[in-house]
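Single-structure report; data block below.
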Amino acid sequence: MSVVEAPAAGGPQLEQVRRLVTAIPGPRSLELAARRAQALPAGIVSGQPVFAAAAGGGVLVDVDGNSFIDFGSGIAVTSVGNSASRVVERAVEQLRQFTHTCFLVNPYEGYVEVCEALNRLTPGDHVKRTALFNSGAEAVENAVKYARAATGRPGVVVFDHAYHGRTLLTMAMTAKNNPYKKDFGPFTAEVHRAPMAYPFRAPGGRERAAEQAMAALRDLVDVQVGADQIACVVIEPIQGEGGFIVPPEGFLPAVAEFCRERGILFVADEVQTGFARTGDMFASEHEGLAPDLITTAKGLAGGLPLAAVTGRAEIMDAVHPGGIGGTYSGNPAACAAALGVIETIEAEGLVERARVIGDRFLARLTGIADGNPVIGDVRGRGAMIAVELVRPGTTEPDPAAVAQVIRYCQERGLLVLSAGTYGNVLRFLPPLVMPEHLLAEGLDILTEAFATL
């Protein structure tokens with residue numbers, strides 16, 4: 001734990017080392033937790049018991065001085081590293097100029113620059129337009145608005161295990177009830193759900209996962225609802241909160257072709273998969289997809305709230321003037337940060353770095369799985385990797401094992417996240433600038449954690 005290395009993308013020049021100086025959580029975190037309990041409502045929870053004081057490169061330092069290896073990146077938000085230098089410098093410069101005008105009142109160049117960048121970077125060589133928003137859920141909701149306006153149809157098709165947000169419409173689009181939807185209904189109508197091609201849990205086995213899911217989609221759209229009633233199909237190229245479910249090769253192109261044949265818009269929700277996370281700038285690129293609309297957020301602005309919908313010009317131009325917008329949408333400081341993120345990804349070669357990180361994870365986790373029957377599946381792409389834990393000899397989910405691994409890692413200075421419809425998936429989203437020695441040390445801790453199961 002003696003290696004010192006500055007973060008590749010700058011930011012706080014924190015010692016790139018795992019260091020534990022108190023029990024976890026420490027006394028200061030416990031003090032803040034007590035204050036939190038008095039000030040916040042019970043519905044707002046946190047997955048980690050420690051309060052952050054600083055972060056950068058591959059570490060997060062808590063208020064007690066403990067330094068953790070970060071395998072979560074704020075749920076894929078700080079992919080370029082926390083407080084990355086280009087992000088901070090651009091945002092600070094903008095804050096000195098002005099903090100807000102509302103783009104709907106007085107426009108500014110930064111908003112236009114971000115839209116130009118997304119039009120350039122997102123898949124497809126068609127003419128595009130981009131609109132900016134505040135969150136992933138807001139982007140998804142506005143993508144549906146664009147699709148309905150462009151097609152004149154009301155229906156939206158989503159998939160099992162999907163997560164699209166917590167607004168009223170996106171709750172209806174999200175699959176899992178607890179905690180996302182419980183007690184919050186009734187939900188928006190005209191949202192229809194199809195089975196996902198989920199290789200590990202496909203009723204007919206991995207080989208038939210795509211075939212069965214496509215058959216169910218055809219039945220839903222053509223027979224039960226009517227294709228002429230469907231505005232769009234919305235899908236995550238790799239499902240995030242549902243458990244990092246990677247559909248079989250060919251499934252996404254088949255869905256896109258199915259949509260084209262019926263005049264339905266194909267919408268890729270890349271809120272969690274975008275911005276180099278999967279070893280491509282966008283996960284849709286893996287199979288050459290060019291979505292009609294693509295939603296982005298999380299990694300877009302390095303931690304500042306910013307989201308976007310990018311799509312074909314004729315679709316984006318279908319909405320009447322004044323029909324889209326919001327007071328804070330495309331905040332100038334967030335736009336400046338986003339330009340810093342894009343510059344960092346391109347200058348630091350982080351698309352390729354994500355592939356290297358993925359190779360490291362998959363090699364180690366596959367080796368662990370060979371001798372551990374609790375690991376039912378290892379999957380992912382680039383630096384978006386997961387393991388699904390089950391009771392040995394079955395596919396029955398084992399969320400208790402996930403909790404045990406997370407607790408073991410926390411106590412030893414490694415932060416990891418859970419996911420999955422059944423709460424039985426460990427997901428790994430390290431910053432793409434994480435130094436090699438921290439990556440290796442974190443994987444060693446994981447190996448030890450799985451040995452305890």
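Of the residues in region 194-250, how many are more than 21 Å from T273 (Cβ to Cβ) and either of a type in the set (V, I, T) or in the same structural domain as A419 (by TED's automatic domain parsing) (or both)?
Count: 4.
If you go through region 314-331 one residue at a time, do you hit one that is in a helix (DSSP H, G or I) and surrounded by fewer than 17 Cβ atoms within 10 Å (Cβ to Cβ)?
Within region 314-331, one or more residues are in a helix (DSSP H, G or I) and surrounded by fewer than 17 Cβ atoms within 10 Å (Cβ to Cβ).
Name the residue that is surrounded by the most Cβ atoms within 10 Å (Cβ to Cβ), counting only residues in region 230-246 that are assigned to a loop (DSSP other than H, G, I, E, B) and touching a helix residue (DSSP H, G or I) at 6+ places or on another chain (Cβ under 7 Å).
P237
Being modelled with pLDDT of 95 or more, closer than 22 Å to H164 by Cα and buried (at least 23 other Cβ atoms within 10 Å of the Cβ) narrows it down to one residue among L306, L289; which is it?
Every option except L306 fails the conditions.
Determine whether R355 is of a type in the set (D, E, K, R), over 21 Å from the mean Cα position of the chain (by Cα), at pLDDT 95 or above and over 18 Å from L300 (Cβ atoms).
no
Condition check: modelled with pLDDT of 95 or more and either aromatic (F, W, Y) or over 30 Å from G349 (Cα atoms) (or both). Does A449 satisfy that?
In short, yes.
Does L339 count as closer than 22 Å to H164 by Cα and assigned by TED's automatic domain parsing to the domain that holds Q94?
No: the conditions fail for L339.
In region 192-212, what residues are among the aliphatic types (A, V, I, L, M), over 23 Å from the mean Cα position of the chain (by Cα) and either within 24 Å of L169 (Cβ to Cβ) or in a loop (DSSP other than H, G, I, E, B) (or both)?
Selection gives A202 alone.
Could you check A268 against (1) more than 27 Å from A301 (Cα to Cα); (2) at pLDDT 95 or above; (3) small (G, A, S) and say which number it fails?
(1)
Note down all Cβ pairs under 6 Å where the first residue falls in region 300-322 and is over 14 Å from S79 (Cα atoms) and in contact (Cβ under 8 Å) with a residue 60 or more places away in the chain, the second is of a type in the set (S, T, Y) and assigned to a loop (DSSP other than H, G, I, E, B), and they're at least six residues apart or on different chains.
The qualifying pairs are A307/S135; T310/T122.
The values are calculated or read from the model by the stated rules, or taken from the named source; none is laboratory data. On a predicted model such as this, the values are computed, not experimentally measured, just so you know. When we count neighbours, we look across all protein chains shown, and the Cβ atoms used for this are built from the backbone with ideal geometry, even at glycine.
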